[in-house]
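The values are calculated or read from the model by the stated rules, or taken from the named source; none is laboratory data. Just so we're clear, the structure is a prediction, and the values are computed from it rather than from any experiment. When we count neighbours, we look across all protein chains shown, and the Cβ atoms used for this are built from the backbone with ideal geometry, even at glycine.
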Amino acid sequence: MPSEIIGAFMALGVGFFFATGVVLARVGLVHVPAGTGNLVTIVVGWVPITILSVVLYPKLVFALPSTAYLWMALTGAVNFPVARLLNMASLKMLGVARANPVLATAPLYAAFVGVVFLDETMTWPIALGTVVIVSGVVFVVRSAMPRIALTVPATSAGGASEALSPPRTLFGFPRIMVIGYVLGLGAAVAYGIIPAIYQVAISYNHNPFATGSLTLFFGSIFMAMLVGPRISTDLRMSPRRSLLFVGMGGLSMTVGVMLFFLAVERTPIIVVSPLTSLQPVFALAEAHLFLQRLEKITLPLVLGTLIIVGGVIAITFGIET
């Protein structure tokens, strides 16, 4: 089988394993705080990629200039304590079906960074993809966030009005969903910024495995500092089954990262990127199959996700052409 075809299948595997990681983490996050759960995904994902890096490329891991470690620390800080933490919190509040389409808009912000700060060219596919993505996000959010009607105080048998707690809303929408979408948008923006930083970090050794190991290492340190003394309490109070699901989610995401590195070595990025952007579709399908007790998949969510994926593919081609 030609190497390019193998790379294309690996690119499909990237979307599948990322989606699987999101679904597994979603199950565990029901009973695990988002911060501690995020730390678990980072540490569990760091172990296998570090073993490979130390065994295969020991000199690259330990013999880099100090500036390289600073850029990798910055990449790890933006990627894990910011982007993935916001993603985990959004998943915990919204679920996979609602949070994932917003997260899929990351290439939109990556294109913005490229055009504004890196002197890249605005192309028609990028412009069209931007319009399509924004339309898809608006469609998903509007369909998932019905307005809450004003609650009329109930009257007891004796004729007195019963005091009812007012619904927690923001701008007429459920408060937790508004916060969840804001966090998801923040995660997408952070993920959109990461490629530009990562390009600088990897330029010091040109080895994605060694770079990935070091960025995960720094990310785990920063995340542990952010969670602080709650780590031991959260781990002790969280069900072992939930921690297992979160850990498996982190491991699956790391497999996706490894497959991406292997895919771009065999297949042009213009082919790899559209295939990996199918991740929201995989996540939606897996959520429908395995999360029926936690989430409800509606037709508007499916249509909105497909619209966003179409916009992501258009932007990908616009960046590469």
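Condition (residue is modelled with pLDDT of 85 or more and of a type in the set (S, T, N, Q)) applied to the stretch 254-272: is it met by at least one residue? Within the stretch 254-272 (the criterion being modelled with pLDDT of 85 or more and of a type in the set (S, T, N, Q)), the answer is yes, since at least one residue qualifies. Scanning the stretch 114-134 for residues that are buried (at least 18 other Cβ atoms within 10 Å of the Cβ) and of a type in the set (A, V, I, L, M, F, W, C), which turns out farthest from residue 86 (Cα to Cα)? Among residues in the stretch 114-134 that are buried (at least 18 other Cβ atoms within 10 Å of the Cβ) and of a type in the set (A, V, I, L, M, F, W, C), the one farthest from residue 86 (Cα to Cα) is 126. Here residue 44 fulfils each of the conditions (1) under 17 Å from residue 212 (Cα atoms); (2) over 17 Å from the mean Cα position of the chain (by Cα); (3) assigned to a helix (DSSP H, G or I) apart from (2).
Which of the residues that make up the stretch 189-204 are of a type in the set (Ser, Thr, Tyr) and assigned to a helix (DSSP H, G or I)?
Of everything in the stretch 189-204, those that are of a type in the set (Ser, Thr, Tyr) and assigned to a helix (DSSP H, G or I) turn out to be 191, 198.
Say whether the condition of being under 17 Å from residue 36 (Cβ atoms), among the polar types (S, T, N, Q) and touching a His at 6+ places or on another chain (Cβ under 9 Å) is met by at least one residue in the stretch 225-242. Yes, the stretch 225-242 has at least one match. Examine the stretch 234-246 for a residue that is under 20 Å from residue 103 (Cβ atoms) and touching a residue at least 60 places away in the same chain (Cβ under 8 Å), and state whether such a residue exists. Yes: the stretch 234-246 contains one or more residues that are under 20 Å from residue 103 (Cβ atoms) and touching a residue at least 60 places away in the same chain (Cβ under 8 Å). The set of residues in the stretch 282-307 that are more than 12 Å from residue 23 (Cα to Cα) and not basic (Lys, Arg) comprises 297, 298, 299, 300, 301, 302, 303, 304, 305, 306, 307.
Looking at the stretch 100-119, is at least one residue more than 30 Å from residue 25 (Cβ to Cβ), of a type outside the set (A, V, I, L, M) and either part of a helix (DSSP H, G or I) or modelled with pLDDT of 75 or more (or both)?
Of the stretch 100-119, the ones more than 30 Å from residue 25 (Cβ to Cβ) are 115-119.
Among the residues that remain, those that are also of a type outside the set (A, V, I, L, M) are: 117, 119.
Imposing the further condition that a residue be either part of a helix (DSSP H, G or I) or modelled with pLDDT of 75 or more (or both) reduces the set to 117.
Yes, there is a match, as at least one residue in the stretch 100-119 is more than 30 Å from residue 25 (Cβ to Cβ), of a type outside the set (A, V, I, L, M) and either part of a helix (DSSP H, G or I) or modelled with pLDDT of 75 or more (or both).
Residues that are free of Cβ contacts under 8 Å to residues at least 24 places away in the same chain and in contact with a helix residue (DSSP H, G or I) (Cβ under 9 Å, 6 or more places away or on another chain) were ranked within the stretch 191-205; the one that is surrounded by the most Cβ atoms within 10 Å (Cβ to Cβ) is 202.
Determine whether the stretch 32-42 contains at least one residue that is without any contact (Cβ under 8 Å) to a residue 24 or more places away in the chain and under 22 Å from residue 216 (Cβ atoms). Outline the logic, then answer.
Going through the stretch 32-42, the residues without any contact (Cβ under 8 Å) to a residue 24 or more places away in the chain turn out to be none.
No - not one qualifying residue is present in the stretch 32-42.
Can you confirm whether residue 294 is part of a helix (DSSP H, G or I) and surrounded by fewer than 19 Cβ atoms within 10 Å (Cβ to Cβ)? So residue 294 fails the test. The set of residues from the stretch 60-95 being free of Cβ contacts under 8 Å to residues at least 24 places away in the same chain and in a helix (DSSP H, G or I) comprises 62, 66, 70.
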